[in-house]
1. State whether one or more residues within segment 40-55 are out of contact with any Asp or Glu (no Cβ under 7 Å at 6 or more places or on another chain), under 30 Å from GLU463 (Cβ atoms) and among the aliphatic types (A, V, I, L, M).
2. Counting just the residues of segment 154-172 that are open to solvent by less than 50 Å² (accessible area, probe 1.4 Å) and of a type in the set (D, E, K, R), which one comes out modelled with the lowest pLDDT?
3. Would you check which residues across segment 261-282 are free of Cβ contacts under 8 Å to residues at least 24 places away in the same chain, more than 28 Å from PRO409 (Cα to Cα) and open to solvent by 60 Å² or more (accessible area, probe 1.4 Å) and list them?
4. Can LYS190 be described as at pLDDT 95 or above, open to solvent by 50 Å² or more (accessible area, probe 1.4 Å) and part of a loop (DSSP other than H, G, I, E, B)?
5. Could you say whether any residue in segment 311-324 is of a type in the set (S, T, N, Q) and outside any helix (DSSP H, G or I)?
6. Looking at segment 60-90, which of the residues that are part of a loop (DSSP other than H, G, I, E, B) and among the hydroxyl-bearing types (Ser, Thr, Tyr) is modelled with the lowest pLDDT?
7. Are there any pairs with C-beta distances below 6 angstrom linking a residue in segment 116-137 that is within 18 Å of LYS61 (Cα to Cα) to a residue that is among the aliphatic types (A, V, I, L, M) and open to solvent by 20 Å² or more (accessible area, probe 1.4 Å), with the two at least 6 apart or on different chains, and if so which?
8. Checking ASN85 against (1) polar (S, T, N, Q); (2) open to solvent by 10 Å² or more (accessible area, probe 1.4 Å); (3) over 24 Å from GLU290 (Cβ atoms): exactly one of these is not met. Which one?
Amino acid sequence: MEECISVFDMLKIGVGPSSSHTLGPWRAAERFLKELRSEKLIETVSRIKTDLYGSLSLTGKGHATDLAVMLGLSGQDPEYIPIENIDGIIRSIQDKTQINLGNEFTIPFDISKDIIFNKEFLPFHSNGMTFTAYSNDKKVFSATYYSIGGGFVVKEERINAKKKIKIKCAFPFPIDKAVDVLAYCKTEGKKISEIVYENEKSMRSEEEIDHELMRIWNTMLECMYIGCHTEGILPGGLNVRRRAFDMHQNLIGLSNYSNPQNWLEEIRLTEVKFRQILKWVSCFALAVNEVNAALGRIVTAPTNGSAGVIPSVLMYYLVIENHDAGPKEIKQFLLVAGEIGSIFKKGSTISAAMGGCQAEIGVSSSMAAAALCELMGGTPEQVLMAAEIAMEHHLGLTCDPIGGLVQIPCIERNTMGAIKAINAAELALETDPKNAKVPLDKVVNTMWETAKDMNNKYKETSEGGLAIAVNLSDC
């Protein structure tokens, strides 16, 4: 039996630019500190060395993996750390060659010697890392973690597997595959979002679920707002100019507003033609992933590199399709999206290092398509069809970031994933499910088989595709 996966596992608030290469290593560092504390060793530690392997090493610099490790070892929480504090913390570690371990004990820390980039791959997963603690030059504790995508971190022995299975057994409607959720919808006479909500209620109160879902949306909205109102060049050396700012200025005109919610209301008053819709959706997606590329706060959905798809499609519904929509529809959308993402995670992968970009943009597009389809009145069968259509047309998409940065082609790909999601939802709404030829579970399995067949140079290693076709000097 697969593990329990909550909506809040699939939609996590964090810091960019990568869920697997930034958020995952950050969380792994936090877990290592927790283990040191449980072993009553943290007070004795005089040095910590981190070895990064495989994809974490090959594209770690571009994904700020080294910075994430330092922030995690410093005891900072990616969900709550003030973004403006990040540069100061990193600069202090670099200048003083010491780190405030767990925000408790100051120890020497030389970045060039204590974070090692090893190009070889560990056998269990391509995103491996080992933390080693020393006391007076003697190794006292070591642990290896794997960042498997979407901010999820595991050990090879998966020591928490039994706990997760027990939690899942408490679900009134345990779901491993799309056929499971469809069966529950039929027997219970419920929508997919309602089935998911019942599962969530087995772990949290209704008040907590509602509050956290709206916190996720408000983070998404603020991220789009920041991205649309920030101009300049993205960090990393590619000299990528932010585009959301200029696009937004051309679309919004002389509107007056003072906060994200007022901004949303003003967008509802703008001209709505096909070209404007394409531009607005693209603008929202660009905004999110430009914030992500600049180490801003985003919602992993289901990864950081694909974080712009779901908020841009939900924003499209709110400002174009249904001006009366509010918290009810927002929560409904996020519940469906989270469940579709969990089905892909269980049956395939959401890690670009394992499956290429089909596992990130493809999955996020599928999540958004399904969620939009339900909001637009789709039946459970049509909702799953929308998810299937969106993924079917992302199969084989490679991950080949130039310079290892989540910028080219990653930022633009979010706009494409969002547009495909909207189109997939519309196609599903106009189709009788009885005529569907490809079930969602078949596409999930096909995506995994495609991932296994894909050459490693197209799996977030920056060793193939655009990553080598375009030189940094060209930028």
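The values are calculated or read from the model by the stated rules, or taken from the named source; none is laboratory data. What you are looking at is a predicted structure, and each value in this text was computed from that prediction instead of being measured. Cβ placement follows ideal geometry from the backbone for every residue including glycine, while neighbour counts extend to all protein chains displayed. Surface accessibility is based on the protein's heavy atoms, side chains included, excluding ligands, DNA and RNA. Shrake-Rupley method; radii C 1.70, N 1.55, O 1.52, S 1.80 Å.
1. yes
2. Only one residue fits best here, namely LYS168.
3. ASN262, GLU265, LEU269, GLU271
4. yes
5. yes
6. TYR80
7. GLY128/LEU122
8. (3)
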